[in-house]
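The values are calculated or read from the model by the stated rules, or taken from the named source; none is laboratory data. Owing to the predicted nature of the structure, the values given are computational and were not obtained by experimental measurement. Using ideal geometry, Cβ is built from the backbone for each residue, glycine included, and neighbour counts are taken over all protein chains shown.
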Amino acid sequence: MIRIESVTKRYPDGTVAVDHLSLEIPDRAITVLVGPSGCGKTTTLRMINRMVEPSEGSILLDGRDIRQQPVDTLRRSMGYVIQNAGLFQHRTIVDNIATVPRLLGWGKQKARARAAELMERVGLDSALAKRYPYQLSGGQQQRVGVARALAADPPVLLMDEPFSAVDPVVRKGLQDELLRLQDELGKTIVFVTHDIDEAIKLGTMVAVLRTGGRLAQFAPPAELLSAPADPFVEDFLGADRGIRRLSFFPSGDLELQTAPLVAVDADAKRLAAPGPAPYLLVTDHDGKPLGWGAPDDLTAGRIDPALLLPYGRPFVPGKDSLRTALDGAVLSPTGWAVAVDGEGRAVGVVSQQVIGEAIRDAHGRVADRAGVEAAR
């Protein structure tokens, strides 16, 4: 556990970057620091590995003041990932990853073997090992940065807006990769971002900081969205926090309809079968969705996929949230979301109305749990 006890950072000109900040950062979890520019996120992160020294207060790592050990030893015990990866441009990828193990006295062969292992773990092709950073894409460079931070197997990983310089598609992939790695490795991660969506997605706990480095709220993402501490937090979360909150409601209990599913070579009898939806979802021979069609517009035995309406974004029941299911229904011109299995085969469809009922039920269960806890 990292414990920040009434820490203040005051610069010689009188500027206060962090003001009496106290946090208990849990072990083996991702704690996200989020807030507007000037709120002290990066300063707080850098005080944890003593790149910046606090003016007042203490930071404890497993109960021990970090000032009680040499600063180089402290920093080498913590992985550190920054925006744009911060790679050494004159070193190959494998040697970039092996940097900290080599500083710790590992032999070159052992360090490179560890680097090769980590390349595979973070999803980098081994063929990239002898290339240089400028020969890689932005997303690949960030993966190298994560691998380098993990090379000596540190218990703590500090990440300062590591994914903010890449495009949204790559950023989502990197976020998913970090969550996968965390499931495998169980590090204590402190992650800085200005993006509330990223904070909600990644954080086990989220600390919202005000300008001037004061703590506004420290809570799990679901609690943050359901009960903002004050107008500042509510405003920072944005007008669509209710939609974001749906990310914590599972979709596994949605009642799916299979009657509207028809194969691309369906006969006339199947096309005429009544169903709960005004449209039929046409699937290919492998069961994967092709699109929606009105029964009267479909020709038995030879449905033309080019004439079908788009089916929106599908969701995987039980794995994806009600937010993803609702998004699929909203994106579909029919107002029905398509459910698929892990292989992308259609397993049913669900209407906006049914999703709405599931959302109301989920809110009711949350309210019931809150009432029980309040009564204790």
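Assess whether Ala111 counts as being over 23 Å from Arg28 (Cβ atoms), in the same structural domain as Glu198 (by TED's automatic domain parsing) and either part of a loop (DSSP other than H, G, I, E, B) or not aromatic (Phe, Trp, Tyr) (or both). Answer is yes for this residue.
Taken over segment 176-193, the criterion of being over 18 Å from Ala222 (Cα atoms), surrounded by fewer than 19 Cβ atoms within 10 Å (Cβ to Cβ) and not acidic (Asp, Glu) is satisfied by Arg180, Gln182, Leu185, Gly186. Each residue in segment 75-105 was checked for being without any contact (Cβ under 8 Å) to a residue 40 or more places away in the chain, on the phi < 0 side of the Ramachandran plot and more than 27 Å from the chain's Cα centre (by Cα), and 3 pass. A single entry from Arg210, Arg241 fulfils the requirement of being surrounded by 15 or more Cβ atoms within 10 Å (Cβ to Cβ), more than 30 Å from Lys9 (Cα to Cα) and in the same structural domain as Thr42 (by TED's automatic domain parsing): Arg241.
Filtered by the rule that a residue be farther than 22 Å from Leu178 by Cα and in a helix (DSSP H, G or I), segment 96-108 gives Arg102, Leu103, Lys108.
Does Asp327 qualify as being exposed (fewer than 14 other Cβ atoms within 10 Å of the Cβ) and either modelled with pLDDT of 90 or more or in a strand (DSSP E or B) (or both)? No: the conditions fail for Asp327.
Count of segment 214-229 residues, restricted to those that are outside any loop (DSSP other than H, G, I, E, B) and in contact with a helix residue (DSSP H, G or I) (Cβ under 8 Å, 6 or more places away or on another chain), is 7.
Matching residues to (1) within 25 Å of Thr204 (Cβ to Cβ); (2) crowded, with 16+ Cβ neighbours inside 10 Å:
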site: Asn49; (1), (2): yes, yes
site: Pro54; (1), (2): yes, yes
site: Asp62; (1), (2): yes, no
site: Gln68; (1), (2): no, no
site: Phe88; (1), (2): no, no
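All of Lys319, Lys288 fail the test of being within 12 Å of Val338 (Cβ to Cβ), within 35 Å of the chain's Cα centre (by Cα), at pLDDT 85 or above and of a type in the set (D, E, K, R), apart from Lys288. Against the criterion of being of a type in the set (A, V, I, L, M, F, W, C), out of contact with any Ser or Thr (no Cβ under 7 Å at 6 or more places or on another chain), assigned to a helix (DSSP H, G or I) and crowded, with 19+ Cβ neighbours inside 10 Å, Phe232 does not qualify. Restricting attention to segment 260-284, the residues that are at pLDDT below 90, surrounded by fewer than 16 Cβ atoms within 10 Å (Cβ to Cβ) and small (Gly, Ala, Ser) add up to 3.
Within segment 180-193, one or more residues are free of Cβ contacts under 8 Å to residues at least 24 places away in the same chain, under 26 Å from Glu120 (Cβ atoms) and within 11 Å of the chain's Cα centre (by Cα). Working only within segment 235-255, note down all residues that are in contact with a Pro (Cβ under 7 Å, 6 or more places away or on another chain) and in a loop (DSSP other than H, G, I, E, B). Passing the criteria: Ser251, Gly252, Leu254.
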